[in-house]
Amino acid sequence: MRNAKLIRLVEYYVLRFLLVVYLLVAASYVCRRRESREREMVQAKVEETYYISHGAPTLSIDDSLPARGFLKSFRDTVYGGAQRPPPTSILVISGHWETDYPTVNAVSGTCDTIYDFYGFPQEMYKLKYPTPGAPQLATRVKELLTASGFQRVSVDKKRGLDHGAWVPLMLMFPEADIPVCQLSVQTNRDGTYHYNLGKALAPLKEEGVLIIGSGSATHNLRAPRLTDGSVASWALEFDTWLKDALLDGRYEDINHYEERAPHAKAAHPWPDHFYPLHVAIGAAGENAKVELIHHSWQSGTLSYASYKFTTAE
């Protein structure tokens, strides 16, 4: 009888000991996981935003365009190469998605490739960019915009990626393994509105999100195309004004470009391809360092000027 009691007592203390060991191991695991997540957040933190001029849809196939070569080398020459962790996800503000109110796409699974262009070579309609959607990012975008006073923010769970998103991303991140979310522009609003839209999204950089405004530094598709290698004077003057204003940090001038830029209406008859720039500037924050990372022309009127905005320390 006494032996049975002793055995039960030993079993009791052994179980207590094993429980304590289990709890210590579990606590150690949780601490390591937390530290790992914190390190990942630090590693994945993105300090810059971009405005990429995606120009014509033929950028997807035309190797004669210097901008195509630039975007294909972007990961190595601009973003930091293999030494830098990829972003956790990508938010693209494309000039090819216009809505009355901010709208984000929240695709579960693979994003559809939208061919929102007409009359181009058939091979372009066979291209795919099967990247995963980013519904969690879409939820976060809506949270941030709502908290910043944008009272109406919509979510589209079906819309894929238009060519303002997938064409440059296909060249910049060809593996198509980074979740992507798109945000629309509101052409019924102004530059300041889109700058504030970007400011509201700035915290995403701390969460490892790469913010890209995709448009065109000049975008007048009805202007006569020049085939002699020259650049139209109105396009050159606007493009030069834009570069100088950005490098000088004159963001208010850019927010009010319609009144302050030369040939503003000729360069952008419709503001859809310019407003993504305002979002990228706003998301980078005040006093951001600005770099012209690429510049080339197509047809003498279409500027591929692209910019990097690095958040100030």
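The values are calculated or read from the model by the stated rules, or taken from the named source; none is laboratory data. Note that this is a predicted model, so its numbers are computed, not measured. Note that each Cβ is placed from the backbone with ideal geometry, even for glycine, and that neighbours are counted across all protein chains shown. With ligands, DNA and RNA removed, areas are computed over all heavy atoms of the protein, side chains included. Shrake-Rupley method; radii C 1.70, N 1.55, O 1.52, S 1.80 Å.
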For region 233-269, the count of residues that are among the acidic types (Asp, Glu) and within 18 Å of GLY198 (Cβ to Cβ) equals 2
What is the number of the single condition among (1) under 15 Å from the mean Cα position of the chain (by Cα); (2) closer than 14 Å to SER216 by Cβ; (3) surrounded by fewer than 24 Cβ atoms within 10 Å (Cβ to Cβ); (4) of a type outside the set (Asp, Glu) that THR310 does not meet? (2)
If I ask for residues that are hydrophobic (A, V, I, L, M, F, W, C) and assigned to a helix (DSSP H, G or I), which ones from region 163-186 would you list? ALA165, TRP166, VAL167, LEU169, MET170, LEU171, MET172
Report yes if LEU144 is hydrophobic (A, V, I, L, M, F, W, C) and under 17 Å from SER89 (Cβ atoms), otherwise no. yes
Please enumerate the residues belonging to region 48-68 that are open to solvent by 40 Å² or more (accessible area, probe 1.4 Å) and either of a type outside the set (Asp, Glu) or at pLDDT below 95 (or both). ILE61, SER64, PRO66
Filtering region 215-229 for residues that are open to solvent by 10 Å² or more (accessible area, probe 1.4 Å) and either modelled with pLDDT of 95 or more or under 20 Å from VAL185 (Cα atoms) (or both) leaves a count of 3
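Residue by residue, here is whether (1) open to solvent by less than 10 Å² (accessible area, probe 1.4 Å); (2) without any contact (Cβ under 8 Å) to a residue 40 or more places away in the chain; (3) touching a helix residue (DSSP H, G or I) at 6+ places or on another chain (Cβ under 7 Å); (4) within 17 Å of ALA106 (Cα to Cα) holds:
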residue: SER154; (1), (2), (3), (4): no, no, no, yes
residue: LYS157; (1), (2), (3), (4): no, no, no, yes
residue: ASP177; (1), (2), (3), (4): no, no, no, yes
residue: GLN182; (1), (2), (3), (4): yes, no, yes, yes
residue: THR192; (1), (2), (3), (4): no, no, yes, no
Just to be sure I understand the filter: pairs with C-beta atoms under 6 Å, separated by 6 or more residues or on different chains, first member in region 248-266 and under 22 Å from ALA284 (Cβ atoms) and free of Cβ contacts under 8 Å to residues at least 60 places away in the same chain, second member of a type in the set (Asp, Glu) and open to solvent by less than 80 Å² (accessible area, probe 1.4 Å). Which pairs pass? ARG260/ASP253
State all residues of region 53-90 that are out of contact with any Pro (no Cβ under 6 Å at 6 or more places or on another chain) and among the small types (Gly, Ala, Ser); if no residue qualifies, say none. SER53, GLY55, ALA56, SER60, SER64, ALA67, GLY69, SER73, GLY80, GLY81, ALA82
Is there a residue in region 295-303 that is touching an Asp or Glu at 6+ places or on another chain (Cβ under 7 Å) and open to solvent by 20 Å² or more (accessible area, probe 1.4 Å)? no
Based on this model, can you work out whether GLY109 counts as on the phi > 0 side of the Ramachandran plot and free of Cβ contacts under 8 Å to residues at least 40 places away in the same chain? yes
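Conditions (1) closer than 19 Å to ALA283 by Cβ; (2) among the acidic types (Asp, Glu); (3) open to solvent by 50 Å² or more (accessible area, probe 1.4 Å); (4) modelled with pLDDT of 95 or more, marked per residue:
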position	(1), (2), (3), (4)
PRO102	yes, no, no, yes
ALA106	no, no, no, yes
GLY133	no, no, no, yes
ARG140	yes, no, yes, yes
GLY164	yes, no, no, yes
One residue is enough: does region 269-286 have a residue meeting the conditions more than 17 Å from the chain's Cα centre (by Cα) and open to solvent by less than 60 Å² (accessible area, probe 1.4 Å)? yes
Would you confirm whether any residue within region 290-309 is touching a helix residue (DSSP H, G or I) at 6+ places or on another chain (Cβ under 8 Å), touching a residue at least 60 places away in the same chain (Cβ under 8 Å) and part of a helix (DSSP H, G or I)? no
Checked region 45-69 for anything outside any loop (DSSP other than H, G, I, E, B) and under 17 Å from the mean Cα position of the chain (by Cα); matches are GLU48, THR49, TYR50, TYR51, ILE52, SER53
Checking LYS126 against (1) charged (D, E, K, R); (2) closer than 18 Å to ALA176 by Cβ; (3) under 19 Å from the mean Cα position of the chain (by Cα); (4) surrounded by fewer than 16 Cβ atoms within 10 Å (Cβ to Cβ), only one condition comes out false. Which one? (3)
